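First up is the structure itself, then whatever we jot down about it.
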DNA sequence: CTTGTGATGACACCTGGTGCCATCAACGTA
DNA sequence: TACGTTGATGGCACCAGGTGTCATCACAAG
């Protein structure tokens, strides 16, 4: 038996998401979140750099997964093929059990501009990780940046489709679909 | 003669940039900026939604310029040609007289993560404005989004090159150059 | 039994940001 | 002249996010 209940970080995330859903992001204070989780305000800021960050736990792991998958792709793979492999690799992080939670988070984020801004930052870090990994494979700029941009768009589109209540397919499938649509659209830009 | 000195907004921007350059973004309080500008804290927040925003005055006008130029492009223009025209249209907003000021702002923004985050938001709004304008021309998704993404990348690259101390060319020229490099790179992603 | 370590609690403190009302110049109108 | 209106600002109280600092407690190692 430890002095504290375990999984403080996870408890904070769940308490925050539930509170935000019930009463809205800025009607909920950090003190209220920590009270619900049985902790204190100071502890919250030991786990998360700021109030927004509690809704984006795990994004760094996602970026690493992307980068490692791109690095692990066969040497013969084109940039688009490497990104496709990375989208497949993240599929495990977007299992069916995580979908309901992802929907809740997305509902909160979509309704608050500060949170959408933070989401953009996370997407930018994801693109940067992809571009770095592609450059490490020998892809020169601006091709590496461009491919990362397309990969980011495919991820965003795929995530939106995966979270859609009407959707029943897995993340990898819809994301790869979005990627191939983007590749096809490339020819129409003139 | 008015009760107040004119151009309160501009005075706030200049006072803020100079203070940030001298002592760093988060060592400077809003109260200090307004004191330097001969105003009060409350007035600052009437002109800018938050402390960061004072460094991004004019970004909304830029988005509008982009959107209008895309809308005004000839009906025969391809998406890339429309974006190229938009890059040309913004050239007047990036005259040689604005370059030194842009460099100062960029130096402050580059050294603070909160400010880089806000910059990402502005770029995202620029991309959204481009994508909307392209869709209004009849370009379907995902081609419109993809072209906007490429346009955003061209803008970012062009701006970085224009601000570079070693550069002597105009913004429109370097931005269009970046755009054509991106279009060429499109063929290598396959 | 002692010592160290790591996570937490407790508290003071600063500053960004807002609501609310007062103030004052300019302008129009009678 | 007198008066009301409008718009930008000042002044002030207040809240909440975020930080620095020290105390506290469980647990492990010796």
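Has segment B:132-141 got any residue that is under 18 Å from the mean Cα position of the chain (by Cα) and surrounded by fewer than 22 Cβ atoms within 10 Å (Cβ to Cβ)? It would help to see each step written out before you state the result.
Taking segment B:132-141 first, the residues under 18 Å from the mean Cα position of the chain (by Cα) are B:132-133.
Then drop every residue that is not surrounded by fewer than 22 Cβ atoms within 10 Å (Cβ to Cβ), which leaves B:132.
Taking every residue of segment B:132-141 in turn, at least one turns out to be under 18 Å from the mean Cα position of the chain (by Cα) and surrounded by fewer than 22 Cβ atoms within 10 Å (Cβ to Cβ).
Confirm whether residue A:144 is at the interface with another protein chain (Cβ under 10 Å from one of its Cβ atoms), over 28 Å from residue A:101 (Cα atoms) and assigned to a helix (DSSP H, G or I). Let's see the steps before the verdict.
Details: at the interface with another protein chain (Cβ under 10 Å from one of its Cβ atoms): yes; over 28 Å from residue A:101 (Cα atoms): yes; assigned to a helix (DSSP H, G or I): yes.
Here the answer is yes, as residue A:144 does meet what is asked.
Out of (1) surrounded by fewer than 22 Cβ atoms within 10 Å (Cβ to Cβ); (2) over 26 Å from residue A:139 (Cβ atoms); (3) within 12 Å of chain A (Cβ to nearest Cβ), the odd one out for residue B:173 is which?
(3)
Out of all the residues in segment A:74-92, which are under 15 Å from residue A:182 (Cα atoms) and more than 12 Å from chain B (Cβ to nearest Cβ)?
Listed by number, the list holds a single entry, A:87.
In segment B:154-170, how many residues are within 11 Å of another protein chain (Cβ to nearest Cβ) and surrounded by 23 or more Cβ atoms within 10 Å (Cβ to Cβ)? Steps first, please.
Taking segment B:154-170 as the starting set, the residues that turn out to be within 11 Å of another protein chain (Cβ to nearest Cβ) are B:154, B:156-157.
Then keep just the ones that are surrounded by 23 or more Cβ atoms within 10 Å (Cβ to Cβ); that gives B:154.
Final tally of qualifying residues: 1.
Sort through A:63, A:113 and tell me the only one that's more than 14 Å from DNA strand D (Cβ to nearest atom), within 14 Å of chain B (Cβ to nearest Cβ) and either surrounded by fewer than 14 Cβ atoms within 10 Å (Cβ to Cβ) or modelled with pLDDT of 95 or more (or both). Give the steps one after another, and end with the answer.
Values: A:63 fails: within 14 Å of chain B (Cβ to nearest Cβ).
Exactly one residue qualifies, and that residue is A:113.
Only one of B:149, B:184, B:119 is at the interface with another protein chain (Cβ under 10 Å from one of its Cβ atoms) and under 27 Å from residue B:22 (Cα atoms); which? Full working, then the answer.
Details: B:149 fails: under 27 Å from residue B:22 (Cα atoms); B:184 fails: under 27 Å from residue B:22 (Cα atoms).
Within the list B:149, B:184, B:119, the selection yields B:119.
Considering only segment B:41-57, I want to know if a residue exists there that is more than 28 Å from residue B:124 (Cβ to Cβ), without any contact (Cβ under 8 Å) to a residue 24 or more places away in the chain and within 15 Å of DNA strand C (Cβ to nearest atom).
Yes, segment B:41-57 contains a residue that is more than 28 Å from residue B:124 (Cβ to Cβ), without any contact (Cβ under 8 Å) to a residue 24 or more places away in the chain and within 15 Å of DNA strand C (Cβ to nearest atom).
Any residue at all in segment B:81-90 that's within 16 Å of DNA strand D (Cβ to nearest atom), touching a helix residue (DSSP H, G or I) at 6+ places or on another chain (Cβ under 6 Å) and assigned to a helix (DSSP H, G or I)?
As a first pass, look at segment B:81-90 and keep what is within 16 Å of DNA strand D (Cβ to nearest atom): none.
No; the residues of segment B:81-90 include none that is within 16 Å of DNA strand D (Cβ to nearest atom), touching a helix residue (DSSP H, G or I) at 6+ places or on another chain (Cβ under 6 Å) and assigned to a helix (DSSP H, G or I).
Quick one: in segment A:33-60, of everything that is away from DNA strand D (no atom under 16 Å from the Cβ) and in a helix (DSSP H, G or I), which residue is surrounded by the fewest Cβ atoms within 10 Å (Cβ to Cβ)? Working first, answer last.
Filtering segment A:33-60 for residues away from DNA strand D (no atom under 16 Å from the Cβ) gives A:58-60.
With the extra rule that they be in a helix (DSSP H, G or I), the set shrinks to A:59-60.
Details: A:59: 17, A:60: 13.
Among them, the one singled out is A:60.
The values are calculated or read from the model by the stated rules, or taken from the named source; none is laboratory data. Given the structure is predicted, the values throughout are model-derived calculations rather than measurements. Glycine also receives a Cβ, built like all others from the backbone with ideal geometry; neighbour counts cover every protein chain displayed.
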